[in-house]
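*Asks:* Just dropping this structure here.
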Amino acid sequence: MVQLEQDRVARRIIAAIKEQIHSGAYQPGDRLPSTRAFAAEWGASRTTVTAAYNQLNAEGYLIIRHGARAVVAAGLERATGEAPVSTAPPRNLSAFARRLLALPPPPEQQPGKVADFRYGDLSGADFPVPAWRRASNKAILRRGARLRYGDPQGSSALRVALQGYLWRARGINCVPDQIVIVNGSQQGLDLCARLLLDPGNPFVIENPGYPLARHAFAAAGGVAVPVAVDADGLRTDALPPARLACVTPSHQFPLGSVLSATRRRSLLAWATATGAYIVEDDY
Ligand SMILES: Cc1ncc(COP(=O)(O)O)c(C=O)c1O
């Protein structure tokens, strides 16, 4: 998490310096602040600033010589009359990209609000830092003799550990080969969408439901068919024909209800009868 935050700050520094160079605020030959001074100004670590400078050096924006301050390279300033960098979406995009662009943007963060009702944030103080550090140190020291690309399905040691966990925590009986490690729920949903839906196929989504799941299936060209939710979860008495249903049975999003056993059976019966898939988001 710390690394992710550092990468994010480094990207912001890189973008800010490039903008200064393109706009002419920094001229060729100008010296940049030392990494120490820049870090203090930005409230960032020196390591982050050094990484940003090195990246700009690799891209030809800066010239870095040992023991001297970084210097702006020549030929990158914007010519007079040249249009500023466009932020409009590129033309000639695929149908997939056009569907993505048509989706509503995420809600803006409201500064200065009285109360923050955003769900899902955790207290940083609850994070088990010492245990995490011990575990990552142990893992990093166990590196193999050769460093190479891993299994695209995910580390087999992790999949074996998850198999045991899924059996203990969820009563799911599977083999590690049936587990795929993804980079967050969006990648998992995107894979499901691309493997199970063709453009124009209807998919069932809970109403109200998780908008980002709806987006993933809609981006693949699926047509959302919202089905109402009540205190027992998804109303399975009114399921329409569809290629798949995306559900949150153990903790309905956002209402929190648990799908009753009777409804689980009727959901399974619907899937069997219609040949539809059930995508369970067990967040
Ligand atoms: C219904 C639901 N699915 C998935 C997620 C996120 O999963 P991930 O952290 O893997 O992206 C969330 C929320 O935070 C959620 O509310």
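The values are calculated or read from the model by the stated rules, or taken from the named source; none is laboratory data. Bear in mind the structure is a predicted one, so any value in this text is a computation, not a measurement. Cβ coordinates were reconstructed from backbone atoms using ideal geometry, including for glycine residues, and neighbour counts include every protein chain displayed. The protein model used for the area step is the full one, side chains on, heavy atoms only, and it has no ligands, DNA or RNA in it. Shrake-Rupley method; radii C 1.70, N 1.55, O 1.52, S 1.80 Å.
*Asks:* Can you give me the ranges of the strands (runs of 3 or more DSSP E) entirely in region 186-283 with at least 1 residues that are away from the ligand (no atom under 15 Å from the Cβ) and closer than 28 Å to Pro107 by Cα?
*Replies:* In region 186-283, 202-207, 223-230, 244-247 are the strands (runs of 3 or more DSSP E) which contain 1 or more residues that are away from the ligand (no atom under 15 Å from the Cβ) and closer than 28 Å to Pro107 by Cα.
*Asks:* Just to check your reading of the model, which residue among Arg99, Arg134 is in contact with a helix residue (DSSP H, G or I) (Cβ under 6 Å, 6 or more places away or on another chain), surrounded by 10 or more Cβ atoms within 10 Å (Cβ to Cβ) and of a type outside the set (A, V, I, L, M)?
*Replies:* Arg99
*Asks:* All but one of (1) part of a loop (DSSP other than H, G, I, E, B); (2) surrounded by 10 or more Cβ atoms within 10 Å (Cβ to Cβ) hold for Asn183; which doesn't?
*Replies:* Just one mismatch for Asn183, condition (2).
Matching residues to (1) assigned to a helix (DSSP H, G or I); (2) under 30 Å from Tyr210 (Cβ atoms):
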residue	(1), (2)
Pro105	no, yes
Glu108	no, yes
Asp121	no, yes
Pro130	yes, no
Ala135	yes, no
Arg143	no, no
Leu147	no, no
Asp151	no, yes
Val160	yes, yes
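*Asks:* Any residue that is touching a residue at least 60 places away in the same chain (Cβ under 8 Å) and in contact with a Phe, Trp or Tyr (Cβ under 9 Å, 6 or more places away or on another chain) - is there at least one of those in region 166-175?
*Replies:* no
*Asks:* Filter region 272-283 down to the residues that are within 15 Å of Leu197 (Cα to Cα) and either within 30 Å of the chain's Cα centre (by Cα) or modelled with pLDDT under 95 (or both) and list them by number.
*Replies:* Scanning region 272-283 gives Ala276, Tyr277, Ile278, Val279.
*Asks:* I'd like the residue in region 229-254 that is hydrophobic (A, V, I, L, M, F, W, C) and open to solvent by 50 Å² or more (accessible area, probe 1.4 Å) and, out of all such residues, is farthest from the chain's Cα centre (by Cα).
*Replies:* Step by step, filter region 229-254, then rank; the result is Ala238.
*Asks:* Sticking with this one: Is it true that some residue in region 158-181 is modelled with pLDDT of 95 or more, within 25 Å of Ser94 (Cα to Cα) and within 16 Å of the ligand (Cβ to nearest atom)?
*Replies:* No.
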